[in-house]
Amino acid sequence: MTVRIGIVGYGLGGRCFHAPFVEAAEGITLSGIVARSPARIAEARADFPGVPVFASLGELVDSGVDAVTITTPPQTRRDLVLEAIARGVHVVADKPFAPDVATAREMVVAADEAGVLLSVFHNRRYDADIRTLRSVLPRLGDMWRVESHFDQDGANTLEAGPTGGLLRDIGAHVVDQVLWLFGSAERVDAHLDYVDLPEGRTDAGFVVNITHHNGIYSTLSSSKVNHLEARRLRAFGSAGSYVSDGTDVQAQALFAGKRPIDDLGGWGYEQPDRWGVLHTAEGAEPIPSLPGAYQDFYTEFAAAVAGTGAQPVPARTALGTIAVLAAARESAETGRTVAVAPTD
């Protein structure tokens, strides 16, 4: 079975972080794109001349797709996800898939009742540096703490408004990564940096500290307005440490005009001079990069739709990320450490 999927929204997310990876994935084909502005329609037709462009989600579903990806702005996401679920198609929701835990649960329940899959596009589980870190965790002994710093020089891409901000953008990614690797969060304390934009006051930087239920301590930070482009990971355990100062290798390739389908075997590898280093009693050991592979998300999603595999990121398991983001915002506003609300 080849799953037919349509992409709803062809801005930066749809064009750069979804369509090229659907194209490169196995068991799935891009069967339609929803775009409305003349510029987006022109881009979609130029990028994928054989793929029809529709004016609405309804028209896309009526064309006969099996699934849709909702990658429109955050404030539109809930209604479109629920509409797609009600129409009986499987859904990939871009992150953050909900502004709060109550809305997230609403969508999870709707998908369960409709008998369709709802996955969240936490694609950065498939980053080269995170996959490589995961591979060395058994060599670090008992994990103590991890630091994840992800700075981007991209003030023009900062989403404003009540559903925007960097915490919900990059924050959703780095929080999901540490929950996936190190387990659920018990409590959070956080700080947010704000800027005033025409759309309103918006968080443009953050530091989030998470105490996991198993005692591991995570420190996460990001900025988008400080003219800094840097990615750094530090992991500390009883048997050693792992240090990585890598690059955002897949995103950089995409912005340079490359597509994974052009060289799938060579896609997503970090350059050797930016490989991470494992430090143990035996000494320092450079660890060859595992490939970043966002296309694997869609290959796994297609298998789940076909009934031959598990969902890559079921929405129910992504509730924890939404709960941590809510706790972090509360902590930043009140100056207190906040317990993370249970999501199961």
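The values are calculated or read from the model by the stated rules, or taken from the named source; none is laboratory data. What you see is a predicted model; the values in this text were computed from it and never measured. Here the Cβ positions follow ideal geometry from the backbone for every residue, glycine too, while neighbour counts run over all protein chains shown. Just the protein is used for accessible areas: all its heavy atoms, side chains included, with ligands, DNA and RNA removed. Shrake-Rupley method; radii C 1.70, N 1.55, O 1.52, S 1.80 Å.
Consider segment 259-276 and keep the residues that are part of a loop (DSSP other than H, G, I, E, B), in contact with a helix residue (DSSP H, G or I) (Cβ under 9 Å, 6 or more places away or on another chain) and open to solvent by 80 Å² or more (accessible area, probe 1.4 Å). The one that is nearest to Phe236 (Cα to Cα) is Trp275. Within segment 314-330, identify whether any single residue is farther than 20 Å from Asp169 by Cα and in contact (Cβ under 8 Å) with a residue 12 or more places away in the chain, and answer yes or no. No, there is no match, as no residue in segment 314-330 is farther than 20 Å from Asp169 by Cα and in contact (Cβ under 8 Å) with a residue 12 or more places away in the chain. For Val324, the test of being open to solvent by less than 70 Å² (accessible area, probe 1.4 Å) and in contact with an Asp or Glu (Cβ under 6 Å, 6 or more places away or on another chain) is failed.
Give Arg45, Arg15, Arg36, Arg40 a once-over and let me know the one that is in contact with a Gly (Cβ under 8 Å, 6 or more places away or on another chain) and open to solvent by 60 Å² or more (accessible area, probe 1.4 Å). After applying the criteria, what remains is Arg40. Within segment 301-331, being over 17 Å from the mean Cα position of the chain (by Cα) and part of a loop (DSSP other than H, G, I, E, B) holds for Gly307, Thr308, Gly309, Ala310. Does segment 138-152 include one or more residues that are in a loop (DSSP other than H, G, I, E, B), farther than 29 Å from Arg77 by Cα and open to solvent by 30 Å² or more (accessible area, probe 1.4 Å)? Checked against the condition, which is being in a loop (DSSP other than H, G, I, E, B), farther than 29 Å from Arg77 by Cα and open to solvent by 30 Å² or more (accessible area, probe 1.4 Å), segment 138-152 yields at least one hit. Evaluating Thr211 against the criteria (1) touching a residue at least 40 places away in the same chain (Cβ under 8 Å); (2) polar (S, T, N, Q); (3) surrounded by 14 or more Cβ atoms within 10 Å (Cβ to Cβ) leaves one unmet condition, (1).
Return yes or no: is Thr308 open to solvent by 70 Å² or more (accessible area, probe 1.4 Å), under 30 Å from Thr103 (Cα atoms) and in contact (Cβ under 8 Å) with a residue 60 or more places away in the chain? So Thr308 fails the test.
Among the residues making up segment 201-240, those that are over 30 Å from Ala281 (Cβ atoms) and assigned to a loop (DSSP other than H, G, I, E, B) are Lys224, Val225, Asn226, His227, Leu228, Glu229. Does Asp296 qualify as being in contact (Cβ under 8 Å) with a residue 24 or more places away in the chain, open to solvent by 20 Å² or more (accessible area, probe 1.4 Å) and part of a helix (DSSP H, G or I)? Criteria met by Asp296. Would a scan of segment 198-207 turn up a residue that is at pLDDT 95 or above and open to solvent by 20 Å² or more (accessible area, probe 1.4 Å)? There is at least one residue in segment 198-207 that is at pLDDT 95 or above and open to solvent by 20 Å² or more (accessible area, probe 1.4 Å). For the subset of segment 48-102 comprising residues that are outside any helix (DSSP H, G or I), buried (at least 18 other Cβ atoms within 10 Å of the Cβ) and charged (D, E, K, R), which member is nearest to the chain's Cα centre (by Cα)? Here the residue is Lys95.
In segment 171-197, what residues are under 23 Å from Phe121 (Cα atoms), touching a Gly at 6+ places or on another chain (Cβ under 6 Å) and surrounded by fewer than 21 Cβ atoms within 10 Å (Cβ to Cβ)? Walk me through how you get there before you give the answer.
The initial filter retains those residues of segment 171-197 that are under 23 Å from Phe121 (Cα atoms), namely 171-185.
Filter again for touching a Gly at 6+ places or on another chain (Cβ under 6 Å), leaving 179, 184.
The one that is under 23 Å from Phe121 (Cα atoms), touching a Gly at 6+ places or on another chain (Cβ under 6 Å) and surrounded by fewer than 21 Cβ atoms within 10 Å (Cβ to Cβ): Ser184.
Listed by first and then second residue, the pairs with beta-carbon distance under 7 Å, at least 6 apart or on different chains, first residue in segment 18-29 and closer than 13 Å to Ala306 by Cα and outside the structural domain of Ile261 (by the TED database), second open to solvent by less than 10 Å² (accessible area, probe 1.4 Å) and among the aromatic types (Phe, Trp, Tyr), are Ile28/Tyr298. Taken across segment 24-41, residues that are under 25 Å from His122 (Cβ atoms), assigned to a helix (DSSP H, G or I), out of contact with any Leu (no Cβ under 8 Å at 6 or more places or on another chain) and modelled with pLDDT of 95 or more do occur, with at least one present. Within the option set Asp273, Asp245, Asp344, being among the acidic types (Asp, Glu) and touching a Lys or Arg at 6+ places or on another chain (Cβ under 6 Å) holds for one residue only, Asp245. Is it true that some residue in segment 291-298 is in contact with a helix residue (DSSP H, G or I) (Cβ under 9 Å, 6 or more places away or on another chain) and over 24 Å from Phe97 (Cβ atoms)? Yes: one or more hits. Of the conditions (1) in the same structural domain as Thr219 (by the TED database); (2) closer than 30 Å to Ala110 by Cα, Thr280 clears all except one; give me its number. The one condition Thr280 does not meet is (2).
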